[in-house]
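Participant: Starting off with a structure, shown below.
The values are calculated or read from the model by the stated rules, or taken from the named source; none is laboratory data. Note that the structure is a prediction, hence the values are computed from the model and not measured. Cβ placement follows ideal geometry from the backbone for every residue including glycine, while neighbour counts extend to all protein chains displayed.
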Amino acid sequence: MKPHTLLANGLSAGYGETLILDGLDLAVPPGRITVIVGANACGKSTLLRTLSRLLPARKGQVLLDGKSIHRIPSRDLARTLGLLPQSPIAPEGITVADLVSRGRHPHQGVFSRWTREDDEAVAAALAATKTDDLSERPIDELSGGQRQRVWIAMALAQQTDLLLLDEPTTFLDISHQIEVLDLLTDLNQTRGTTIVMVLHDLNLAARYADHLVAMTKGRLHVAGPPEAVLTEDHVRQVFGLESRIITDPTSGRPTMLPIGRHRMIAPAIKEPL
Amino acid sequence: MLAPLVDSIVLNRRRRARRHRLVIGLLLVLVAATFVLTLLLGQSFTPPRDILRTLMGEDVPGVAFTVGQLRLPRAILTILAGLSFGLGGVAFQIMLRNPLASPDIIGISWGASAAAVFAIVVLGLSGPIVSILAVSAGLGVALLVYALSFRNGVAGTRLILVGIGVSAMLESVIAYILSTAPAWTLQEALRWLTGSVNGAQLGQTLPLLVALALFGGLLLSRARDLEALRLGDDTAAALGVRVGRTRVLIIIAAVGMIASATAISGPIAFVAFLSGPIAARIVGNNGSLLVPAALTGAALVLVGDYCGQFLLPSRYPVGVVTGALGAPYLIFLIVRVNRSGGSL
């Protein structure tokens, strides 16, 4: 599979009068997992929406394989780049298999019939997300974790080489969060899908990211391998929070321990642990 | 390894498609049966043989008038109006993901009515010009509601609230005009308030048929994109749907149909609003609601008009009957939506 490149150059975008992204530059490494973190309202979701053309850029541009995404026909774009929004809407009573089949939309014409290829893509997506035994259940009956896997299955059925996800782990308990992140990592490792996602949890971000991006006020603050990005200085600059960074013994990745005003038994100054 | 899963997916998809065809078939039978009933049975019973002979162009004494001039035009017009209201209504409801978003609730039908009443009472007009004004006003109100609710795109609930406000305004305009109207225009003007197929003529059916074919065809060609919009605008856009353009096309098609039907039969109360949810109950999750809702609309208007003419103690225009059906459902829906925030 030819890896796709996704670049943002001096990107500005926003809603109404307010500018939320303000001259942001970003290079998404092909075939890797990129995780975007940042304080609330720093423009993470806006960035994903602008990268996937849901929101027009005011200034600057988004380049997919060197071509401005505004020059790419919608259907072609939807076959290369998929997006799972933060709160997608499931029509009342829709079954899992039916919802996942909606992912085939960009592969079908106005009057085209279902092909074997479509059915196989849906089956593969259900199997990869382990939702195959739920396929005839209505989605309203599922738990939050199952439902999120179904939405990811829909995005998989779209068979895009690039997949953007806006907080795919929100509202899930910790075991389901890990399940979803493991699933996305499988996808990245077996199919080489380039993944870009917004996560709230810094420690999970550092654990699962190949490339970690921290944003402040609509700009890219720092980007690179998690070890270089998740530092006490950066946490202070991005979140205004004092913290201690240690190495997670199981993953070898940096882990952030926040420092507040209470419950401190050691002074909040640097000393070797 | 995936083969059994693929097979079960294919099987289930085909089963859903079969059920969808079955529902459409049954609704077609229902509409056809009611159509035949209204031809056969009015104030008097006409034998089927006489009706067939009349339809073939023979001049059967007595029957030629009751069937050829009264019942047949009325039945055809009723079906066309029902199809237009049903299809236009469900398109809005699906697009805005809310059963309250039907054109008769958000002011489009009222726009057409207000323009017609104004034309008849104040300008003293009559005939096709009134219909043309009504259609243009329907489109105008749709644009106005859309523009007033535009802020970083159009949110469904905002559009519905703005629409309800605009409806209230238009209703008061109508009430004002009627209160000042000279008595001889009232009869004609009142038709624009309740909706009626009284005095239908075959000549009226052709323009409505053309409008239905044109706008309905446009709508059906966007059926897949409309279906994708049910997942939310962002998801639809991510699936390659051009959301803004699709919306505009659907609004033009739906308003075109609703306003054309309103121009001929008046705003037959709540048919656009009721057809979609009833069709949704029947179809379930077995496929698109567009055609089933259109057929449901036709059945509603046919049955409603028949009841209004022959089954109730006195003669009522069809809009009174459908209004009596629709109002309680509207209340039920507002209560339910309030509780769950649910969609169609």
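Participant: Wholly within region A:208-249, which strands (runs of 3 or more DSSP E) include no fewer than the required count, namely at least 2 residues that are among the polar types (S, T, N, Q)? Can you show your working first?
Facilitator: Values: elements: A:211-216, A:219-224, A:242-247.
Per the criteria, A:242-247.
Results for (1) more than 14 Å from chain B (Cβ to nearest Cβ); (2) modelled with pLDDT under 90, shown as yes or no for each residue.
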residue	(1), (2)
A:Thr129	no, yes
A:Trp151	no, no
A:Gln159	no, no
A:Gln177	yes, no
A:Asp182	yes, no
A:Ile195	yes, no
A:His211	yes, no
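Participant: Mind checking which helices (runs of 4 or more DSSP H) fall wholly inside region B:250-344 and carry at least 2 residues that are within 14 Å of chain A (Cβ to nearest Cβ)? If you could, list the steps in order and put the result at the bottom.
Facilitator: On the way: elements: B:271-283, B:290-306, B:318-340.
The qualifying helices (runs of 4 or more DSSP H) are B:271-283, B:318-340.
Participant: In the set A:Leu183, A:Leu212, which member is aliphatic (A, V, I, L, M) and surrounded by fewer than 20 Cβ atoms within 10 Å (Cβ to Cβ)? Outline the logic, then answer.
Facilitator: Details: A:Leu212 fails: surrounded by fewer than 20 Cβ atoms within 10 Å (Cβ to Cβ).
Result of the check over A:Leu183, A:Leu212: A:Leu183.
Participant: State the number of residues belonging to region B:1-52 that are in a loop (DSSP other than H, G, I, E, B), within 14 Å of chain A (Cβ to nearest Cβ) and surrounded by fewer than 12 Cβ atoms within 10 Å (Cβ to Cβ). Quick ask: steps written out before the conclusion?
Facilitator: Of region B:1-52, the ones in a loop (DSSP other than H, G, I, E, B) are B:1-2, B:42-44, B:46-47.
From what's left, within 14 Å of chain A (Cβ to nearest Cβ): B:1-2.
Then keep just the ones that are surrounded by fewer than 12 Cβ atoms within 10 Å (Cβ to Cβ); that gives B:1.
Count: 1.
Participant: Can you tell me how many residues in region B:218-243 are more than 7 Å from every other protein chain (Cβ to nearest Cβ) and free of Cβ contacts under 8 Å to residues at least 12 places away in the same chain?
Facilitator: 1
Participant: To continue, here is another question. Restricting attention to helices (runs of 4 or more DSSP H) lying wholly within region A:24-118, give those where 3 or more residues are in contact (Cβ under 8 Å) with a residue 60 or more places away in the chain and over 28 Å from B:Val6 (Cα atoms). Steps first, answer last, please.
Facilitator: Numbers: elements: A:44-51, A:74-80, A:96-101.
By residue number, A:44-51.
Participant: A further question follows. Could you say whether any residue in region A:69-79 is surrounded by 16 or more Cβ atoms within 10 Å (Cβ to Cβ), under 30 Å from A:Leu24 (Cα atoms) and more than 8 Å from every other protein chain (Cβ to nearest Cβ)?
Facilitator: Within region A:69-79 (the criterion being surrounded by 16 or more Cβ atoms within 10 Å (Cβ to Cβ), under 30 Å from A:Leu24 (Cα atoms) and more than 8 Å from every other protein chain (Cβ to nearest Cβ)), the answer is yes, since at least one residue qualifies.
Participant: Sticking with this structure for a sec: Looking only at residues in region B:165-208 that are small (Gly, Ala, Ser) and exposed (fewer than 14 other Cβ atoms within 10 Å of the Cβ), which one is nearest to B:Ala272 (Cα to Cα)? Steps first, answer last, please.
Facilitator: Step one: filter region B:165-208 for residues small (Gly, Ala, Ser), giving B:165, B:167-168, B:172, B:175, B:179, B:181, B:183, B:189, B:195-196, B:199-200, B:203.
After this cut, where a residue has to be exposed (fewer than 14 other Cβ atoms within 10 Å of the Cβ) as well, the list is B:168, B:172, B:175, B:179, B:183, B:199, B:203.
On the way: B:Ala168: 18, B:Ser172: 22, B:Ala175: 23, B:Ser179: 28, B:Ala183: 31, B:Gly199: 22, B:Gly203: 24 Å.
Across region B:165-208, the extreme among qualifying residues is B:Ala168.
Participant: Also, quick follow-up: Mind checking which residues of region A:8-46 are in contact with a strand residue (DSSP E or B) (Cβ under 7 Å, 6 or more places away or on another chain) and within 14 Å of chain B (Cβ to nearest Cβ)?
Facilitator: Listed by number, the residues that qualify are A:Ala13, A:Gly14, A:Leu19, A:Ile20, A:Ser45, A:Thr46.
Participant: For the condition under 15 Å from the mean Cα position of the chain (by Cα), surrounded by fewer than 24 Cβ atoms within 10 Å (Cβ to Cβ) and either closer than 28 Å to B:Thr246 by Cβ or not charged (D, E, K, R) (or both), what is the one hit in B:Leu148, B:Leu123, B:Leu143, B:Leu100? Break it down stepwise before answering.
Facilitator: Numbers: B:Leu148 fails: under 15 Å from the mean Cα position of the chain (by Cα); B:Leu123 fails: under 15 Å from the mean Cα position of the chain (by Cα); B:Leu143 fails: under 15 Å from the mean Cα position of the chain (by Cα).
Only one candidate qualifies: B:Leu100.
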